[in-house]
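First comes the structure, then the notes that go with it.
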Amino acid sequence: MIDCPRIVIGGTESGAGKTSLTLALVAALRRRGTRVQTFKVGPDFLDPSYLALASGRPCYNLDGWMMGRDYVERLVARTAADADIAVIEGVMGLFDGAEPDSLAGSTAEIASWLRAPVILVADVYGMARSLAAVVKGFATFERKVRVAGVIANHCGSVRHGILLAESLQASRLPPMVAAVPRGALPELPGRHLGLVTADLSNLPPQTLEAMADAFEHYSTLSEIVNMARSAPLLYVRAPERKGLTGRARLGVAHDAAFHFYYRDFLNELEDGGCTLVRFSPVADGSLPEGLDALYIGGGYPEEMAAELSANAPMLAAVRGFAASGRPVYAECGGLMYLCREMETADGKRYPMAGLLPAGTRMHAGLQALSYVHVTLKEDSLWGLAGESVRGHEFHHSTLTENPAGMEGWRPVYSMKKRWMDAPVEEGFQKGNILASYAHLHLPSRPRAVGRFVQSCVKQE
């Protein structure tokens, strides 16, 4: 069951300030000794790194379109079981998602499934009574979603916040629970469409302390906690977890270049019997001993291109591992690493592992941002022909040539993007090597996890 108090921090739009305010709320709660389990709606890997640092616990993604309702409910039930409160940061605007005419993939969908009250964040710069009109629209737009309170962000003054609160009260709308002035919270470092990955250098304890101070000062924290406690008990169907051990040693690339992984996938791999062994393609001179398979996820390999290219012993070790026939699975940044070379945005070229007969080139603009539905054309590491998984693409690089048909490489994905009528061929496979730009959410497909673990198990 889900009996943990829970609250969703939703926004009127992207850029309203959800991330900073959610971090400030989490930091304030944790400072009071509260065990906070955080979640992030949507597929991104960056916000969860901040929420994990703020809470001191792993943060998990919740995405209705990729995962489905049963999986979302089970994941929350399992990970929030020992927490005092669950804080769920939304994505984009409250009702923005995968479809223009439904809740699919939106923050509102997660709030409705979990029956969690929503705190609506609005950028109120230059706004007065119009806030009441905005809040009324959000509060009455979808009956399955309960907007319980409002945070007015970027207020011009204390008096401005008071006027906004009075406008909500006069219209009998959800109350204001915080009025945060412009500049009250520290700026977070940005990159591409979102943040850089969080670490102690860009989100140190003193920054979290300052955020907690500001939130305590400008909010009614106890009222927010009471709203979270109003979420009802939910019963969830949760199959027994196997808890197998010692079936395979899976090397997971993890460093400044590669760190985009869904935490629940790593949990499921361990539960399925994989021992996860981290290694650094940037800093290590060799692969760990006794590995049965490699998993190279996404990240920022372009930022570490010189270091990756200069680590010739590791590149040779990866090539040798792949030549042994053992499985190698690479997503997005991992695909870039397996290619012949990487061309950075300044035009410099760096040799890479040379397994995939193509190069990659970085661009200033985003080259792909979409949900994807992948169906296998052939048997592969995570499934049999005809099986499918959902995921997403997000990258600034492109392949300089199509490796399909070169040196035995074949595209085994029929990949349908949300904005395209016809599927594209992707997912390049040769033997036990599989590389793709798509980040797939395998943990929500138990058969895919089982197949992947079985692929990792050493074949006698």
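The values are calculated or read from the model by the stated rules, or taken from the named source; none is laboratory data. Here the structure is a predicted model, which is why all the values come from computation and not from measurement. Positions of Cβ are generated from backbone atoms using ideal geometry, with glycine treated the same way; all protein chains shown enter the neighbour counts. Quick note on the areas: whole protein, heavy atoms, side chains included, nothing else; ligands and nucleic acids left out. Shrake-Rupley method; radii C 1.70, N 1.55, O 1.52, S 1.80 Å.
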> Any idea how far apart E99 and E13 come out in nm if each label point goes 7 Å out from Cα toward Cβ?
Replying inline: 2.6
>> Rounded to the nearest 5, what % of DSSP beta bridges with both residues in the chain are antiparallel?
In response: 40
> Between the helical axis of 446-456 and the dominant principal axis of the chain, each derived from Cα atoms, what acute angle in degrees is found, rounded to the nearest 10?
Replying inline: 40
> Relative contact order for segment 71-201: what is it in percent, counting Cα pairs under 8 Å that are at least 6 residues apart?
Replying inline: 18
> When you take every Cα atom in segment 275-368, what is the radius of gyration, and what is Dmax, the widest Cα pair distance, in Å?
Replying inline: 13.0, 41
> Volume per residue, Å³, of the convex hull around the alpha-carbon atoms of segment 23-81?
Replying inline: 69
>> Using a 7 Å offset from the Cα along the Cα-to-Cβ direction at both A310 and L369, what is the distance between the two label points in nm, to one decimal?
In response: 3.3
> Could you list log10 I(q)/I(0) for the chain at q = 0.08, 0.10, 0.13 Å⁻¹, which the Debye formula gives when each Cα is one point scatterer?
Replying inline: -0.49, -0.75, -1.18
>> If you fit an axis through the alpha-carbon atoms of helix 18-31 and take the longest principal axis of the Cα set of the chain, what angle between them do you get, 0 to 90°, nearest 10?
In response: 80
>> Whole angstrom only: what separates the Cα centroid of segment 377-449 from the Cα centroid of segment 31-81?
In response: 26
>> Give me, ordered by chain and number, the residues 5 or more places off Y300 or on other chains with an amide H under 5 Å from its own placed amide H.
In response: F258, H259
> For K144, which aspartates and glutamates qualify as cross-link partners when the Cα separation must be under 14 Å and same-chain residues fewer than eight apart are set aside?
Replying inline: E109
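Around E407, what is the net charge, scoring Lys/Arg as +1 and Asp/Glu as -1 over all other residues with Cβ under 14 Å from its Cβ?
+3
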> Which of the residue pairs K40/K136; K40/K416; K40/K458; K348/K377; K40/K430 have a Cα-Cα distance greater than 31 Å in the structure shown?
Replying inline: K40/K458; K348/K377; K40/K430
> Between D421 and E401, what is the spin-label point distance in nm, taking each point 7 Å from the Cα along the Cα→C-beta axis?
Replying inline: 3.2
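What shape does segment 220-349 take by its C-alpha gyration tensor, where a ≥ b ≥ c are the square roots of the eigenvalues and a/c under 1.5 counts as rounded, a/b above b/c as prolate, and the rest as oblate?
Oblate, because a/c is 1.5 or more while a/b does not exceed b/c.
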>> Among L29, C456, Q367, which residue has its Cα furthest toward the positive end of the charge dipole of the chain, with +1 on Lys/Arg Cβ and -1 on Asp/Glu Cβ?
In response: L29
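Find the relative contact order for the chain and round it to a whole percent, using C-alpha pairs within less than 8 Å whose residues are 6+ positions apart.
13
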> Relative contact order of segment 234-323: what whole-number percent is it, with Cα pairs under 8 angstrom and at least 6 residues apart?
Replying inline: 35
> Tell me, what is the per residue accessible area of segment 65-159 in Å², probe radius 1.4 Å?
Replying inline: 40
> Once a ≥ b ≥ c are taken as the square roots of the eigenvalues of the Cα gyration tensor of segment 374-460, is the result rounded (a/c under 1.5), prolate (a/b larger than b/c) or oblate (a/b not larger than b/c)?
Replying inline: oblate
>> How large is the Rg to Rh ratio of segment 57-177 when both quantities use alpha carbon positions and Rh follows Kirkwood?
In response: 1.02
> Helix 130-141 versus the longest principal axis of the chain: what angle, 0 to 90°, nearest 10, using Cα atoms?
Replying inline: 60
